[in-house]
Amino acid sequence: MRFPLSRIAFTCFALSMFFGQLSADSCSYWCQGPLPPSSVRIGVYGGIVPSYYSHRSDNLFIGPDGIGGIVGEDDSPGFRDQFNLPWTIGLDVGYADTDSSEVFFSITYAKATGKDFHFNVDDIHGEFKFKSYSDLGLWIGYRYHFVGADSCGCYFDPFIGFKVGAKFLSKVKADYHSHQFSFSEHGLTYFQKETVPAMGLQLGFSFNFIDCIDMVLMGEAIWAGQFRANNKIYLGGNAGDIQAISVGHTGPVWTFPVTLGFVMSL
């Protein structure tokens with residue numbers, strides 16, 4: 001079979017146009033960063049926040065003779081002994097200064113419900129019933145986005161980031177009960193309000209499945225200053241052998257938020 005030269009030339013031209021367009025589309029993504037430059041990015045997030053105290057000092061239980069009459073001491077509870085797993089929500093407003101990087105401001109809120117914690121000091125049994133805990137975070141940070149993979153028309157881009165800011169820790173209250181002396185005291189201030197410095201690292205993945213909307217999965221490691229322990233909890237004359245409690249320090253607090261969110265580029 002003989003093919004006319006014009007048909008062969010037309011076929012070669014059509015194939016070159018097709019693969020040339022594919023190459024241009026690929027280069028527009030692979031040769032550039034994943035962000036629209038000079039765009040404003042608004043994101044909302046939600047997730048969980050595993051939390052840990054870095055090092056804890058003991059709680060001191062003080063008798064009727066004051067600080068010179070310490071009845072005993074006991075390990076102060078860890079975060080997971082005091083609270084259930086916190087949940088968090090957050091809002092980001094970012095600006096893509098290049099096609100790969102953005103600066104952002106964010107506000108976060110976390111909350112956890114309290115648990116019951118039992119102690120035994122010098123054969124005196126008691127418990128704390130902790131109330132809820134919450135904190136508000138204000139942050140400024142920077143992220144760098146890498147060009148990732150293209151799967152079924154959806155782009156999958158990793159990113160790293162860091163942020164610095166402050167956390168506003170709520171007051172934490174607790175109810176106290178002594179079993180031996182049938183004594184209860186409600187609404188004691190265990191941790192006082194405090195504002196602490198904080199900083200964190202971010203690692204995540206962005207899934208671009210709609211033109212200007214990304215789904216973002218992110219993990220963070222955040223260091224923050226310690227809770228402000230109340231070292232002067234007075235229980236009163238009917239409390240028995242334990243008249244006061246000096247709460248131990250928590251040390252800096254490590255949190256590891258894992259969140260899922262959506263980001264819109266404007």
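Below are the figures for this structure:
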read-out	value
Range of Cα positions in segment 168-239 per principal axis (Å), largest first	68, 24, 17
Taking Ser54, Ser134 and counting other C-beta atoms within 10 Å, the order from fewest to most	Ser54, Ser134
Hypothetical label at Ala221: residues of segment 74-109 whose amide nitrogen lies under 20 Å (7 Å Cα-Cβ projection)	79-80
For segment 35-265, convex hull volume per residue from C-alpha positions, Å³	108
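No lab work stands behind these numbers, since they all come straight from the coordinates. Just so it is clear, the structure is predicted and the values come from calculations on it, not from any experiment. Heads up, the Cβs are rebuilt from the backbone with ideal geometry, glycines too, and the neighbour counts pull from every protein chain shown.
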